[in-house]
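FYI, it's all coordinate maths here, none of it is from the lab. Because the structure is predicted, anything quoted here is derived from the model rather than measured. Methodologically, a virtual Cβ is constructed for each residue, glycine included, from the backbone with ideal geometry; neighbour enumeration extends over all protein chains shown.
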Amino acid sequence: MKPNSNNVVAPQIQEPISLTSTIQQPPPASVPFPTNRCPFDPDPRYEGIRTSDPVLRVGTPAGFDVWLVSGYEDARTVLGDAETFSNVDASSSHLMGDKDNLGAPPPPGVMLRHDGDSHSRLRLRLAREFMVKRIARLEPFIRDLVATHIDRIGQQKGPLDLYREFALPVPALVISEILGVPEGQRSEFENATASQVDLSLPLEERQAAAIQSAGFFANLIQSKLENPGDDLLSRLILEPTERPMDAAELQGIALLLLTAGHDTTANMITLGTYALLQHPEQAAKLQNPAVMETGVDELIRYLTIVHNGVLRKAVKDTTIAGQTIRAGEHVAVVLESANRDNRFISDGDQLDLERRSAHLGFGYGPHQCLGQHLARLELRIALPELFRRLPGMRVETPETDIPFKNDMLVYGIKKLMINWDEVIS
Ligand code: HEM
């Protein structure tokens, strides 16, 4: 996963993939990629596409064609079959524009881009760090962080941007805690990571911030190698194993955790807050912890922020929903459409925090989100606290002027100006 300004995981191949057949190019797609979300629903065309063309050839904004898979069962079939569908190009950045890097080798440590044993080795070593029990230990830290940031909001005069002032810093600081970033360096870390994803900044500034965080991680890893502590990176260094991780792998892991876990959670906080403000009858349930146990997953399903296609590459010929897919061709699995498929969920266009569903908002199969328990915990704390402590919270911008991230890899809102009546403790 190569992080970039848009939370992009860039593709590369670690080992050459042996294709089992010659690629026979299908005719170029005449249908463009549907990218018009509004504001919580998938592009309206998906409702028809799911039944009429469950595997549809479309042209991507980047200029190459993919098979679009939009139904729930077909999505699970593709994502669950890692022997047929490789993750070498598993970066939606390719779909939106970064065509030149298709087929580039995967960076060391970036498990999302690795297949087979290479993926399992990384995943197994990190899985224990993200198990429910270990993540639960972070609860007091996250509660404290959320409280401090709401206090800071209260010290300012509204309106202010919830994304920049709350949603971005909280997950960034959680990741810095997990990685063992020293206290004195956390604001440097927070600034660099926030600037990387802040679309209001010029591209050069965002690129400079990306270089700054890469340099930051290189120094961090060096210091952990020399002087390990009690954190994820140090445990990976100290673990007795036949194949210890080298500095490049550790850096890839740190960057992946940052890019996969930072702006995703930040967008869920911002878009989730907006969705709940638009659904006050659902927001009223936020203070019930029993509802939030499952409610947070309903919000993740309903908003499905990892959108516009999760990319895979077929490594052998196969058939999905009657359509032949040849080795070497790309498939884009549209999670936001699959999560509204009425063959999987009834009234899927409704937000209902009290329902349970096996949604695909965290993906599915061997690459299903590693950080899902952490994301749930952060949202279960942040959203109820925002609504509890900022009574009268409201958005100051008309919906038509809210900058939604339609064209970006992770859906959300670029800036959400909120105001409130008072801050309570
Ligand atoms: C609400 C927030 C989040 C959402 C919606 C989300 C969603 C996803 C999705 C859909 C995938 C699968 C991508 C694919 O199959 O190509 C994924 C993978 C991943 N996510 Fe998350 N994620 C979130 C938060 C996090 C957090 C907090 C972390 C860790 C700090 C994290 C770490 C990862 C990693 C490491 C992978 C790759 C797993 C692998 O390849 O085995 N995510 N995430």
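The number of residues in the stretch 330-370 that are buried (at least 22 other Cβ atoms within 10 Å of the Cβ) and among the charged types (D, E, K, R) comes to 2. Here ASP100, ASP117 are screened, and the one residue that is more than 12 Å from the ligand (Cβ to nearest atom), of a type in the set (Asp, Glu) and part of a helix (DSSP H, G or I) is ASP117.
Among the residues of the stretch 133-183, those that are away from the ligand (no atom under 16 Å from the Cβ), part of a loop (DSSP other than H, G, I, E, B) and not basic (Lys, Arg) comprise GLN156, GLY158, PRO159, PRO182. The residues of the stretch 299-352 that are part of a loop (DSSP other than H, G, I, E, B), among the polar types (S, T, N, Q) and either free of Cβ contacts under 8 Å to residues at least 24 places away in the same chain or more than 13 Å from the ligand (Cβ to nearest atom) (or both), listed by number, are ASN342, SER346, GLN350. Taking (1) buried (at least 21 other Cβ atoms within 10 Å of the Cβ); (2) within 16 Å of the ligand (Cβ to nearest atom) in turn, HIS373 satisfies each apart from (1). Just one of (1) part of a loop (DSSP other than H, G, I, E, B); (2) within 16 Å of the ligand (Cβ to nearest atom); (3) within 27 Å of GLY154 (Cβ to Cβ) fails for PRO391. It is (2).
Yes or no: the stretch 220-232 includes at least one residue that is touching a Leu at 6+ places or on another chain (Cβ under 9 Å) and either among the hydroxyl-bearing types (Ser, Thr, Tyr) or under 30 Å from ILE413 (Cα atoms) (or both). No, because not a single residue in the stretch 220-232 is touching a Leu at 6+ places or on another chain (Cβ under 9 Å) and either among the hydroxyl-bearing types (Ser, Thr, Tyr) or under 30 Å from ILE413 (Cα atoms) (or both). For the structure I just gave you, tell me whether PHE130 is within 14 Å of the ligand (Cβ to nearest atom), touching a helix residue (DSSP H, G or I) at 6+ places or on another chain (Cβ under 9 Å) and at negative phi. Yes, satisfied.
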